[in-house]
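Structure first, then comments.
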């Protein structure tokens, strides 16, 4: 009895490999979608803990009339207030935190922050330093809520400008505005979608409506 070799019908092996490749692509795509959904959920949880930390801290200081404002639709542009603190976030989450506040409210917070009474002129002098420290405190408190120390925070970068805006590349930007008796402020989280964006995550541009 002669030996016989069995070969697959022409084209079947190639088709099988093609289908297998498609299956692998689908699985990889599903994994990427799941990772992205998980990352966005972590960002939302981190942002909510950041908001809770900000609210608790300002209430402890005794800031009167603090309340959340309803979210408003934006075109990716966010106007900066008079004083802005930017803190870079790294490791488990990649991005940046922005605390931008009206000067009048910043002076009010400076008065509450100091142990001894200070004048309006002194409050104006200390406002930037106080907002930088407040940004450190509220982000640090939010970090302490996490079970694992898997987030690194940079030092605040202070921006003093009027009639300027940030234009974030990320479409997942999270923003919450607040109002108090002495003015308004906003807390913004800008996720970094690509590591190459790190150097330009916060682009500050003069508002085109600025008067000469």
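Laboratory data are not the source of any read-out in this text; all were calculated from the coordinates shown. Just so it is clear, the model here is predicted, and its values are computed rather than measured. In this analysis, Cβ positions are derived from the backbone assuming ideal geometry, glycine residues included, and neighbour counts consider all displayed protein chains.
Determine, from the Cβ-Cβ distance of residue 114 and residue 91 and an R0 of 25 Å, the FRET efficiency 1/(1 + (r/R0)^6), rounded to the nearest 0.05.
That pair, residue 114 with residue 91, gives E of 0.15.
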If we count other beta carbons within 10 Å of each Cβ, what is the order of 91, 111, fewest first? 91, 111
